[in-house]
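The structure under discussion appears below in the form of structure tokens.
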Amino acid sequence: MIPKKWLPALAASTLIASLLLVACSPDLSSSSDGMGTPQAGGHLVMAREMDVTTLMPADATDNQSIWTSEEIFDTLVVPSVNGEGLKPSLATDWVQSSDKLAWTFTLRPGTTFSDGTALTSADVKFSLDTASDPNLPSGFLNEQIAAVETPSPDTVVVRTKTAWSPLPSVLALYANSIVPANYGGKSREEFAKAPVGSGPFKVKSWTIGQQLELVKNTSYWGADRPYLDAVTFVAVGDANTRATQLQGGQITVNETPAASSFAALSSTPGLKASAFDSSYTSFLSLNNTRAPFTDVHVRRAIAHAIDREAILKAAYFGQGTAAGSFLSPAYWAYDANVKGRQFNLEEAKKEMKLSSTPQGFSADILVASGNATQLTTAQILQGELSDIGITLTINQMEPGALRATRKSMDYDMAISYATTDITDPDELVRFIAVQSGGSNALYTGYDSQEVADLATKAASLSDQAERAKIYSTIQQKVNDDQPLIPLLYQPMLYSYSDRVHDFQPSMTGNYNLVNTWLSK
Amino acid sequence: MTRFLVRRLGLLALVVWGVVTATFALVHATPGDPARATLGDKAPESAVQALRAEWGLDQPLGVQYWHFLTDLVSGNLGTSFQYRSPITALLAERLPTTLLLMLMAVTFAVVISLPLATWVAVRGRGGSDIGVRIFGAVAQGTPTFLIGTLLVIVFGLKLHWFPVGGYGRTTAEHLHSLVLPAMTVALGIVPMLVNSLRASLTDALQSDFVAFGHSKGLKPATVLAAYAIRNGSISGVTILGIQAGVLAGGALVVEKVFAIPGMGSLMLAGILGRDFPVVQATTLVFAGIVVVVYLITDLSYALLDPRARLT
């Protein structure tokens, strides 16, 4: 017999125990699989870490804004899903002039914006001219554009300053989306909040910082597309909340599920978990302007001392592959023969002996605070680099502060990453390996005139095979110099309801919701 | 009373000024450039400098502070760097959500604490007292995010009584969506409230005026409600007032866990995006809420205890 006075304590314990029990018990509910012929209709709800910050494509810098603009607007051409080439979009064909200084684009006949206004070459000229403003975030990518001409309503000629092969790929960039000339009579600020495009969806409402509702553009040029009636993007900052909302059926797609739960999600009834190819490559950045990282032997020694597989397992839960070249396999220019300086402790010790600091040294490594993946990676590096006499101190820093510190080159080592906006390798090669490419070679200070000259030459050639050869040489040169150490190639992770079909983001991140459908 | 109010309001204004000045200094002292954060890593330096000039960030800090203060006095909270929208418009959408969340949390806390404390005080020391203390220790020692996550899993995911997160569209959906978040915040302050109420109710029940009430032949329930609870609840009001800061802090965490689009989530987005005007404005509003609650707490003493003199 339990004493009566114990009852309240017992009741409280029982309550807590039952809460825990219910919380930990498996969910047996599941939904049926609906694969087959695409079905029209349905409302897809995608939860993302943050809301869009702008609906003006030329102003977008965050992935949420970029990938959303690609659902509302069209570009002249679009990258293929695998990143190997370009496909027609608003332009049905394009051709480079014999002097290589002009490209002629033929527009798709009968295309209109979602408000019914005809889309003409005047809209294209306005869009490209305004997007080329060097003060806009991506304006620098258009610096090779000399002029945009409109010989007829359905023909656009883009002249370049030099022979420049990446042009069509740059015109596939979100920032070069086609907007109505003069923003359809709105001010730029008004248009950025309630835009009109020619893409598969149009804006229904936007509650800033909270959610964006899109509905089907019924005058979209793609036959029978899109299948979905509506798409809502909701901002849900917490990864656990997104995961539970998906399990509870409150959302249909969870963008960026935690890598730690990815394997479990794959086997959860009613859910799918997919890893899509991306250009995301993580690096260990080294400050090449500060001793001892000025010494190539030190950089090579560090590269050989890192066991990437260990990092992949412990920090990324197996989601990704060990990196070799600084260019990811998602590029057509990727050279699989550039294997990188793989884990080899003997080789690492040999390189250290050849270096200016054979006894080792102490250094700091910057890690973004609150980023468990980066912290785990740094802890593994701490252990591994101690084998060659390097004592690492982990310095956690708020992401904004970390960015500023790297930019001012006031650091030793940092965990960093790079992604691309276009499928042509030109952008990322310059960004990572060319000092004048816009980011001081990903803030390493690496300065190789040979690489810079090769990058310029590659961009001027038309033949892809010729260009690929030059990019291979660049990859080999960077591999020899190791200004930064490629760690992993990472996929984009998504989890979603098994009612979602043909969800296939491209390597640049575009959701391609135009082809996505929901089974009933 | 008037002198009290004037003096208090003056002090409150001083506190708010101190908070916004400290926030201004902190956001500007932290490394990280809002223009770079907005334009991204790949934008050229010239574009970043142009944006800094547009936002006035290229001016000396003293000038920026002066503009900030003069704008504040004239009711202009500025424009969000990230969303390029007036902050007053963002606040108008977010503030009612957070206030509703805090109000529901206080209501739940009182509804749970008062009967529990009264029950324990009436029964005296014993099993019930120990039980409530154990429950309080467990609840107080459990982090808010864990309580929130447990409530979500049980009442949202398993039982489907409440949404797993979000805020809904209609007023009914808003109230429904806020039940679990408000309960999470409430459970964070219930233990302290129960302990305080239990102690003061126990004292009140042993006092002469309660004995007098019984001797007059009043019903025990009347004595409890009109004599004991009214006197004993003054300490609860103090605790609730002191907990205003905890409530505001709880709202920050809970809004993130439950994806509630309130002031807390706006503030976090502002901090991460180096959106100085948003951080300054949300801090100002949170500080304002806390000091106004303190003032209301002081004023409520006079209502609950006629002996209190506000001088």
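Take the alpha-carbon centre of the stretch B:193-246, take the same for the stretch B:121-136, and report the distance between them in whole Å.
Result: 16 Å between the Cα centres.
Inside 10 Å of the C-beta atoms of B:246-257, what's the mean count of C-beta atoms belonging to other chains?
1
With a point put 7 Å past each Cα toward its Cβ, work out how far B:S207 is from A:Q476 in nm, to one decimal.
Spacing of the two 7 Å Cα→Cβ label points: 9.2 nm.
Whose amide H sits under 5 Å from the amide H of A:G85, counting only residues 5 or more places off or on another chain, with H placed in the peptide plane?
Amide H neighbours of A:G85: A:S80.
If you roll a 1.4 Å probe over chain A with all protein chains in place, what percent of the accessible area is carbon or sulfur?
Here carbon and sulfur together make up 53 percent of the probe-accessible area.
Please work out the FRET efficiency for the pair B:K216 and B:L299, using the Cβ-Cβ distance as r and a Förster radius of 30 Å; give the result to the nearest 0.05.
E between B:K216 and B:L299, to the nearest 0.05, is 0.45.
Once you keep just the Cα pairs under 8 angstrom separated by 6 or more residues, what percentage relative contact order results for chain B?
Computed over chain B, the figure is 27 percent.
Excluding ligands, DNA and RNA, what is the solvent-accessible area per residue of the stretch B:114-202 at a probe of 1.4 Å, expressed in Å²?
Here the per-residue accessible area is 43 Å².
Taking a probe of 1.4 Å, how large is the accessible area per residue of the stretch A:277-491, in Å²?
Per residue, the stretch A:277-491 has 37 Å² of solvent-accessible surface.
For the stretch B:95-118 and the stretch B:1-26, what is the centre-to-centre distance using only Cα atoms, to the nearest Å?
Result: 26 Å between the Cα centres.
Over the stretch B:10-97, what relative contact order in percent results from Cα pairs under 8 Å that are six or more residues apart?
Rounded, it is 16 percent for the stretch B:10-97.
If the limit is 25 Å between Cα atoms, which of A:K100/A:K477; A:K216/B:K256; B:K158/B:K256; A:K272/B:K158 go over it?
A:K100/A:K477; A:K216/B:K256, as the Cα separations exceed 25 Å there.
Which order do peptides A:431-440, A:220-229 fall in by mean Cβ count within 10 Å, highest first?
Listed from highest to lowest mean packing, they are A:431-440, A:220-229.
Considering protein heavy atoms only and a 1.4 Å probe radius, which residues within the stretch A:392-432 exhibit an accessible-area decrease of no less than 30 Å² in the full assembly relative to the chain by itself?
Flagged in the stretch A:392-432: A:E398, A:A401, A:R403, A:K407, A:F431.
GNM on chain B, C-alpha springs below 10 Å: top fluctuator among B:S300, B:S113, B:S215?
Greatest mean-square fluctuation among the candidates belongs to B:S215.
Along Cα→Cβ, 7 Å out, is where each label goes; now give me the distance between the ones at B:T2 and A:T256 in nm to one decimal.
5.7 nm
Quick check: Cα centre of the stretch A:145-212 to Cα centre of the stretch A:412-445, how many Å?
Between the Cα centres of the stretch A:145-212 and the stretch A:412-445 lies a distance of 26 Å.
Given the pairs A:K87/A:K204; A:K313/A:K350; A:K204/B:K42; A:K313/A:K339; A:K202/B:K42; A:K87/A:K339, which span a C-alpha to C-alpha distance of over 24 angstrom in this model?
A:K87/A:K204; A:K313/A:K350; A:K204/B:K42; A:K202/B:K42; A:K87/A:K339
Å³ per residue of the Cα convex hull, for the protein assembly as shown? Present the calculation step by step, with values, prior to reporting the outcome.
Values: hull volume 166.0 nm³, N = 831.
Convex hull volume per residue, Cα atoms: 200 Å³.
For B:A53 and B:V73 in one chain, what is 0.36 nm times their gap in residues minus the Cα-Cα distance, to one decimal in nm?
Contour length minus the Cα-Cα distance gives 4.9 nm.
Just to check I understand the Karplus step: with θ = phi - 60° and J = 6.51 cos²θ - 1.76 cosθ + 1.60, what whole-Hz values come out for the stretch B:51-63, glycine and proline as x?
5, 4, 5, 4, 8, x, 7, 8, 7, x, 4, x, 5
Given bins 10 angstrom wide, list per bin the percent of all Cα-Cα distances in chain B, short to long.
Percent of pairs per bin, in order: 6, 21, 26, 23, 15, 6, 3, 1, 0.
How many nm separate the modelled label positions at B:R125 and B:T170, each set 7 Å beyond the Cα in the direction of the Cβ?
5.4 nm
Order the peptides B:91-104, B:266-279 from the highest to the lowest mean number of other Cβ atoms within 10 Å of their residues.
B:266-279, B:91-104
Nearest 100 Å² is fine: what is the total accessible surface buried where chains B and A meet, probe 1.4 Å?
Interface between B and A: roughly 4200 Å².
Compute the relative contact order of the stretch A:74-195 as a whole-number percentage, counting only Cα pairs closer than 8 Å that sit 6 or more residues apart in sequence.
29 percent
Using only atoms on other chains, find how many Cβ atoms lie within 10 Å of each Cβ of peptide A:133-139 and report the average.
Taking all residues of A:133-139 together, the mean is 6.
So for the protein assembly as shown: antiparallel DSSP bridges make up what percent, rounded to the nearest 5?
Around 75 percent antiparallel, to the nearest 5.
To the nearest 500 deg cm²/dmol, what mean residue ellipticity at 222 nm is calculated for the protein assembly as shown from DSSP H runs of n ≥ 4 alone, each contributing -39,500 (n - 2.57), summed and divided by the residues?
Calculated mean residue ellipticity at 222 nm is -14500 deg cm²/dmol.
So, by mean Cβ neighbours within 10 angstrom, what's the order for B:231-242, B:66-77 with the highest one leading?
Peptide ranking by packing, descending: B:231-242, B:66-77.
Roughly speaking, to the nearest percent, how much of chain B's 1.4 Å accessible area is carbon and sulfur?
70 percent
For A:K520, list the aspartates and glutamates whose Cα falls under 15 Å from its own Cα; do not include residues on the same chain fewer than 8 positions away.
A:D33, A:D229, A:D498, A:D502
Per residue of A:437-443, count partner chain C-beta atoms within 10 Å of its C-beta, then hand back the mean as an integer. Please list the in-between numbers first.
On the way: counts 1, 5, 4, 0, 0, 1, 1.
For peptide A:437-443, the averaged partner shielding equals 2.
When only DSSP loop residues count, what chymotrypsin sites (Phe, Trp or Tyr not before Pro) in the stretch B:85-185 have their Cβ near at most 13 other Cβ atoms within 10 Å? Each step should come with its number before you reach the end.
On the way: sites: B:F108, B:W119, B:F135, B:F145, B:F155, B:W161, B:Y167; in loops: B:W161, B:Y167.
Passing both the DSSP loop test and the Cβ count: B:W161.
State the antiparallel share, in %, of DSSP beta bridges confined to the stretch A:277-491, rounding to the nearest 5.
Details: 13 of 23 bridges.
The antiparallel proportion sits near 55 percent.
Relative to 2.2 N^0.38 Å, what does the C-alpha radius of gyration of the stretch B:160-232 come to as a ratio? Two decimals please.
Relative to the 2.2 N^0.38 Å estimate, the stretch B:160-232 comes out at 1.73.
The values are calculated or read from the model by the stated rules, or taken from the named source; none is laboratory data. In this text, all values refer to a predicted model and were calculated from it rather than measured experimentally. Cβ atoms come from the backbone with ideal geometry, glycine included; neighbour counts cover every protein chain shown. Note: areas computed on protein heavy atoms with side chains; ligands, DNA, RNA excluded. Shrake-Rupley method; radii C 1.70, N 1.55, O 1.52, S 1.80 Å.
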